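Structure first, then comments.
The values are calculated or read from the model by the stated rules, or taken from the named source; none is laboratory data. Not measured: the values here are computed from a predicted model. Neighbour counts run over all protein chains shown; Cβ positions are idealised from the backbone, glycine included. These accessible areas exclude ligands, DNA and RNA; they are computed on the full protein's heavy atoms, side chains included. Shrake-Rupley method; radii C 1.70, N 1.55, O 1.52, S 1.80 Å.
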Amino acid sequence: MAWIEVSDLRKVYQRDQQQIPVLDGLSLKIEEGEFVALMGPSGSGKTTLLNLIGGIDSPTSGDISVAGTNIARLSGAELARWRSNTIGYIFQLYNLMPVLTALQNVELPLLLHKMNGAERRKRATFALELVGLGDRLGHYPRQLSGGQEQRVAIARALVSDPKVLLADEPTGDLDRKSGEEVLQLLERLNTEFKKTIVMVTHDPHAAESADRMVHLDKGVLSA
Amino acid sequence: MFHLVLVNLGRNPLRTLLTLASVTLALFLFCALSGVLDTLQESIKVGSETRLVTRNKVSLIFPMPKSYMQRLQAVDGVKRVAISNWFGGSDPANPRDFFAQFAVDENYIPIYSSDVDIVEWSQLPAGVPAPAGVDPKLAVFETEQTACVVGIKLMEKRGWKLGQQVTVRGTIYPGDWTFTIRGVYKAKKKSFDESSLLFHFSYLEQKGMGGSGQVGIYVLQLADPSRASAVASAIDGMFQTSAPSTRTESEQAFQAGFVSMYGNLPFVLRLVGLAIVFSILLIAANTMMVSMRERTSEFAVLKTLGFTDGAVFGMVVAEAAVITVGGGTIGALAAKFGIEKSGFNMLGFLPSMTVYWSTVFVGIGIALVIGAVSGLIPALQASRLRIVDALRRVE
Ligand SMILES: Nc1ncnc2c1ncn2[C@@H]1O[C@H](COP(=O)(O)OP(=O)(O)OP(=O)(O)O)[C@@H](O)[C@H]1O
Ligand SMILES: [Mg+2]
């Protein structure tokens, strides 16, 4: 079985009386250690697919197996624990807590794991050093550039050593140079730390960082 | 985790502070009102059936002739009769800082000997014997026309010393009245007021009434408490055809009557207290709701990281509880210590106000409930939030 295996996945959103089919019998396999770029026009269901793989949304039908767990069958609380152990999520708009420092933001996921404050601090500091922000531990998000914020968000995503990193247009809000840094970072996490990465992007250049591209169109894979 | 609650409170310090202040104020008022009510209740308890109070039937504010004294004395079952007359003066140096003064006769303090102790008193010059039948502690007071006895709380509050002269400006009985402090009394029961000044009725009669005595109230000591109601009706029957007629009641009923001069105060106070608490609840709930709505996407992120719905729920409730319990504790303690320090005592008719610890704890309990209720709706919303919906809203 592949590291990430999606089979016959259907997702229909219900808005008022209207049914909006987004994913229609989609199947996809991603091997451990792969870096996959997910592309496609706006509204094609990329974010929806990513959210389903990440266990923050549940499918209408079909199966999703990630790192050996079929998450389509998990309850809310089980999913939450599974996410904290398995998934690192990177958002387009970074989504850091504005009231916490970079270090505290990165420590946040570790609150869900049994460890003492010193250990938490050590790991979070290490993660921030890894993304090149070892000198910005005490900075608040508003004191950082967009690129730096996104790197803090990446540190937060990888600090609990997840099996899979999911990124939804991580460079979508960044200038070329910062975007480049983020992409290099993701490539490094993939090659050096063997992280499996699924990245949604509109940017063909960004997609070149990946090992493989997957095109989504109107809810089905096109190539 | 609790750290996160605290930093979230700090993100809009002004809002947090204002909400906290409103809860503080509400709980202060609540505890202060409860204090008033409890003190009223307590003062009603002070009376004993061993004493009756006879007053003018029409109203407490009209006097009775002094000649009633002998007739009361003669009633079967009455052991002793004392005179007490409201003076209603104020300190010319400090007119706003009210304390009660009563003009009393020589029987008054002995009748209350089970309730008060004389703790400090002026000594007679060596060799002078105390007058017969007079408590040696009150000997100087009794032999000096302008002497007075003062409650220990009033002494402490004003920093007065035994032997000192104090001046009171009369409002009902005009002029400046100077008294020499010859004794200090302390209550044996908590409910007995310790902030009054007692002086000789004979002095009031001579200087303030042109010699013709009119008496505010008579306090009667009974030989047999179980016959109180029979004695009371005998007295009022005796004066039925006199002008004025009298009304005789237990001290307890007398004080209750005094309290009810303020109308339906206790009931209104309780209503006001409830209304305040309820309006603060609405304010706190609204503030929490606004503050949580602003953070919808943050809750979604926390959940994405793996925080459960329950954890998010707890965080929001904790935030509300910190504000309300914090504010409530400050308010309740301020009421307890602030009001007890101020010595507020309803024009001297009541013992100084006390806010009981039980009231303080009930207050803090109410704050806790306000916190829980005001945090409940936003906490439910935050915990039920679906991640995908919340994240879409910001994108
Ligand atoms: N929570 C939701 N409720 C209702 N409809 C939704 C929801 N999420 C997505 N949709 C609909 O599903 C479709 C796919 O949305 P999705 O966000 O997955 O697209 P996308 O490929 O990520 O687009 P973009 O490139 O603009 O981010 C859209 O038509 C969208 O309106
Ligand atoms: Mg999208």
**Message:** Can you give me the solvent accessible area of A:SER178 with a 1.4 Å probe, rounded to the nearest 10 Å²?
**Reply:** 20
**Asked** GluC sites (Glu not before Pro) within the stretch A:128-223: which are DSSP loop residues with at most 15 other Cβ atoms inside 10 Å?
**Response** A:GLU192, A:GLU208
**Request:** Please report the base-10 log of the normalised intensity I(q)/I(0) for the protein assembly as shown, using a Debye sum with one equal scatterer per alpha carbon and no solvent, at each q in 0.08 (1/Å).
**Result:** -0.69
**Item:** For chain B, calculated [θ]222 nm from helices alone, where every DSSP H run of n ≥ 4 adds -39500 (n - 2.57)
**Value:** -16500 deg cm²/dmol
**Value of Rg to Rh for chain A (Rh from inverse mean 1/r over Cα pairs, i.e. Kirkwood)** = 0.97
**Largest to smallest accessible area among B:THR324, B:THR16 [probe 1.4 Å]** = B:THR16, B:THR324
**Request:** Mind putting a number on the dipole of chain B about its Cα centre? Charges go on the C-beta only, +1 for Lys and Arg and -1 for Asp and Glu, and I need it in Debye to the nearest 20.
**Result:** 840
**Request:** Could you state how much accessible area B:MET288 has, in square angstrom rounded to the nearest 10, with a 1.4 Å probe and all protein chains kept in place?
**Result:** 10
**Request:** Obtain the nm distance between the two label points defined at B:GLN240 and A:MET213 by a simple spin-label model: each point lies 7 Å from its Cα along the Cα-to-C-beta direction.
**Result:** 11.4
**Asked** Put a dot 7 Å past each Cα toward the Cβ at B:ASP38 and B:LEU376; how far apart are the dots in nm?
**Response** 2.7
**Asked** To the nearest 10 Å², what's A:ASP161's accessible area with a 1.4 Å probe?
**Response** 100
**Fill in**
Nearest 10, in degrees from 0 to 90: the angle of helix B:357-384 to the longest Cα principal axis of chain B is 20
**Message:** Between the stretch A:97-161 and the stretch B:199-223, how far is it from one alpha carbon centroid to the other, in angstrom?
**Reply:** 83
**Message:** Quick check: residue separation of B:PHE2 and B:VAL119 times 0.36 nm, minus the Cα distance between them. What number comes out in nm?
**Reply:** 36.7 nm
**Request:** Provide the FRET efficiency to the nearest 0.05 for the A:HIS113-A:ASP173 pair, computing r from the beta carbons and using R0 = 30 Å.
**Result:** 0.50
**Net length gained if the chain between A:SER75 and A:GLU180 were fully extended (0.36 nm per residue, minus Cα distance)** = 34.0 nm
**Message:** Run the numbers for B:GLN73 and B:THR171: contour at 0.36 nm per residue of separation, minus the present Cα-Cα distance, in nm.
**Reply:** 32.2 nm
**Request:** Go through the stretch A:75-180 and name the trypsin sites (Lys or Arg not before Pro) that are in a DSSP coil and have 12 or fewer other Cβ atoms within 10 Å of their Cβ.
**Result:** A:LYS114
**Fill in**
With Cα coordinates, the longest principal axis of chain B makes an angle with the long axis of helix B:265-293, in degrees rounded to 10, of 20
**Complete:** So the FRET efficiency between A:SER61 and A:ILE20, C-beta based with R0 = 22 Å and rounded to 0.05, is 0.90
